[in-house]
Amino acid sequence: MAALASNIGALLHDPKYADLEIRCGGKSFKVHRAIVCSRSKVLDRECSGGFLEADTRIVNHAVFDVDTLERMLEFIYRGRYSIKLTSNAEDSSRGTRWCRFEPTWHIEQDEGNPNEPNIYHAISFMGPFQSKSFEELRLEDYVQDSSSSIDVLEQHVHVYAIADYYELPDLEALALQYFQAGKSSLLPICNDQLIRILEAIYSNTPVSDECLRYEILDFCIDEKKTLLKDGWFVQAVVDNPELQDFTAEFMLGLTHRHQEDLEYEQKSHVEVVKTLQDDIQRLSQQLGSAQSEVTAAAEQLKPVEENLAWYKAETERLSQHLQISQATVVAAQNSIGNKIAAQLAEFDAIRFCRHCGEDFEFYIERYGGGYVARCDDCTTRHFSKTEVP
């Protein structure tokens, strides 16, 4: 397939089997009816109907410039078109050629003098146009100079227009997509460059065009604040006879955009109010549910609080009783201790055993409800006058 496309592309500048001549701007293109007429319905009608071209096999083209016509023919034969620009950029001396062969990019050396101070931008498009496979391209990626970007953009406009004129939808779609990708080169707004592009579009496209005109109109409406505050631009557009359609469409578009903005704001306002109302209703429902839960919890808490109060009172009573009991025990312990101490004092006061008469050495033992002291020698019991419980 690639070899076939290459062979067909080589026929563009090979007049050997050419059977149709297209003249434009003092230049002659020897082409092949089987190729060009099969792609363009306009050329097909001119070469097969009752037109002079069918007999002379010469088409005199005077609508577009010779470079634009050559790009159209290049697309028909090679599936791409090239834009040649003179540039003072540093890379211009390298003689590189940027080609896009679907779906990847690669760089090829220019044929001829590699030091030729020109930059070629070859835009490749092989086969039927499929926008889904077209990768977005920005003109500033390969054109450094802003004026060169405008030149490229203007030439895409001419290619789009000649594609529409000769009914080449694939070429028209490709040029449109490159214009869409490159229109950002108009920013920041430069009024004379913008007017130049507007003139190129509105002087070369029919009133019925809904693609390229829409693109530039939509761009201008998006930049309305910048454009409308510039009195020079407004006056230049109004005074330009070629831009009367643009002026009318621009004003109408501004009206529609303003109406759309108002409707959007109104819709947004309504949606915001509706959202707030929904939020208020939801929060009210949540508050009501929370209040009901609090009330239910309070009812469930009442018996718990009553039980807690009883337990607190009972705890206080038992605490007081415990304090009294502890005080009683302490007092009793103190009393017993005092009585035992008194008994021991009595036993210590006995000098001789009442039975054996020996020095009284004794030991204590429990006896009845109190204590007695027994003599170590004869074990005779000696009693105290103090009673111990």
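What is the packing order of peptides 339-352, 180-193, taking the mean over residues of other C-beta atoms within 10 Å and listing the highest first?
Values: 339-352: 13.4, 180-193: 15.5.
With the highest mean Cβ count within 10 Å placed first, the list reads 180-193, 339-352.
Looking at this model, which pairs from Lys84/Lys183; Lys225/Lys274; Lys41/Lys183 are more than 24 angstrom apart at the alpha-carbon? All intermediate terms of the calculation are to be shown ahead of the outcome.
Numbers: Lys84/Lys183 19 Å; Lys225/Lys274 32 Å; Lys41/Lys183 30 Å.
As for pairs spanning more than 24 Å Cα to Cα, those are Lys225/Lys274; Lys41/Lys183.
In nm, give the distance between the simple-model label positions of Ala248 and Gln266, each being 7 Å from the Cα along the Cα-to-Cβ direction.
Reported label-point gap for Ala248 and Gln266 is 2.8 nm.
Lysines within cross-link reach of Lys302: Cα-Cα under 20 Å, excluding same-chain residues under 8 positions apart?
Lys312
What ranking do Leu198, Leu11, Leu228, Leu283 get, fewest neighbouring Cβ atoms within 10 angstrom at the top? Spell out each step's value before the answer.
Working: Leu198 23, Leu11 18, Leu228 13, Leu283 10.
Lowest to highest Cβ neighbour count: Leu283, Leu228, Leu11, Leu198.
Reachable lysines from Lys385, Cα under 25 Å, same-chain residues fewer than 8 places away excluded?
Lys339
Could you tell me which of Leu227, Leu217, Val237 has its Cα farthest along the dipole of the stretch 206-245 towards the positive end, charges placed at Cβ (Lys, Arg +1; Asp, Glu -1), taken about the Cα centre?
The listed residue farthest towards the positive side: Leu227.
Need the full-extension length gain, Val330 to Ala296, defined as separation in residues times 0.36 nm minus the C-alpha distance. One decimal, nm.
Working: separation 34, 0.36 × 34 = 12.24 nm, distance 5.09 nm.
Length gained between Val330 and Ala296: 7.2 nm.
What FRET efficiency would be calculated for the residue pair Gln235, Ala62, taking the C-beta separation as r and a Förster radius of 41 Å, to the nearest 0.05?
Values: r = 33 Å, r/R0 = 0.80.
Once the sixth-power term is evaluated, E becomes 0.80.
For the stretch 272-346, what is the per residue volume of the convex hull drawn over the alpha-carbon atoms, in cubic angstrom? If you can, show how the numbers build up before the last one.
On the way: hull volume 7.1 nm³, N = 75.
Each residue corresponds to 95 Å³ of Cα convex hull volume.
Mind giving me the nanometre distance, one decimal, between the label points for Lys84 and Thr255, set 7 Å out from Cα along Cα→Cβ?
4.8 nm
Every number here is computed from the coordinates shown, using simple stated rules; none is lab data. The model shown is predicted, which means the values in this text are computed figures rather than measured ones. Here Cβ is always computed from backbone atoms with ideal geometry, including for glycine, and neighbour counts include all displayed protein chains.
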